[in-house]
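Below: one structure, written as structure tokens.
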Amino acid sequence: MYKHILIATDGSEIAQKGVDHGLLLAKNLDAKVMVVTVTEPFPIYAGEGWALGPGDFERYDADQIKFAQELLAPIKASADRLGVTCETRHVPNRRPAEAILDTAAEEDCSLIVMASHGRRGLERLFLGSQTQEVVSRSSLPVLVVR
């Protein structure tokens, strides 16, 4: 049923549970995986006393690329050890939910696997939930790991 699984991760400990679950599911189903991580655009705040220097955007982008490479390499190695065909992708300068949904569509995935941080109440209201947005907007099945 599921032959191409997109696994989303932000590098957090909770997201790693989703990665581990998704890789094992792919192994058991003989499915291939696309592991994606998304880095958001440079945060720009309007305020007194803070001015961006000429290299700030470039340094931010370079740091995000380095973060993604360091995050995705061990996941790819874990997939290889399990015998799971795995591709990785870093999507820079995007909102995570949008990038996850777009990547799943572009790659013709049949399932999205991601973790939920399980935030409730005001914390969820203020922080939002990328997982909730993916679940509510996806035309694909979404497996949420807690």
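Got a number for residues in the stretch 91-100 being within 18 Å of Val113 (Cβ to Cβ) and open to solvent by 40 Å² or more (accessible area, probe 1.4 Å)?
The total comes to 1.
If you take the residues in the stretch 41-82 that are open to solvent by 60 Å² or more (accessible area, probe 1.4 Å) and of a type in the set (Asp, Glu), which one is modelled with the lowest pLDDT?
Glu48
Taking the stretch 1-26, which residues are surrounded by 19 or more Cβ atoms within 10 Å (Cβ to Cβ) and part of a helix (DSSP H, G or I)?
Ala15, Gly18, Val19, Gly22, Leu23, Leu25, Ala26
Tell me which of these Thr37 doesn't satisfy, since it passes every other one: (1) of a type outside the set (D, E, K, R); (2) surrounded by fewer than 13 Cβ atoms within 10 Å (Cβ to Cβ); (3) not in a helix (DSSP H, G or I).
The failed condition is (2).
Residue by residue through the stretch 97-146, note down the ones that are within 20 Å of Ala68 (Cβ to Cβ), outside any loop (DSSP other than H, G, I, E, B), modelled with pLDDT under 95 and in contact with a helix residue (DSSP H, G or I) (Cβ under 6 Å, 6 or more places away or on another chain). Quick ask: steps written out before the conclusion?
Let us first name the residues in the stretch 97-146 that are within 20 Å of Ala68 (Cβ to Cβ), namely 97-104, 106-107, 109, 112-115, 117, 130-131, 134.
Keeping just the survivors that are outside any loop (DSSP other than H, G, I, E, B) gives 97-104, 106, 112-115, 130-131, 134.
Cutting the leftovers down to modelled with pLDDT under 95 gives us 115, 130-131.
Matches in the stretch 97-146: Ala115, Gln130.
The values are calculated or read from the model by the stated rules, or taken from the named source; none is laboratory data. Quantities reported herein were computed from a predicted structural model and do not represent experimental measurements. Neighbour counts are summed over all protein chains in view; Cβ atoms, including those assigned to glycine, are modelled from backbone coordinates with ideal geometry. Just the protein is used for accessible areas: all its heavy atoms, side chains included, with ligands, DNA and RNA removed. Shrake-Rupley method; radii C 1.70, N 1.55, O 1.52, S 1.80 Å.
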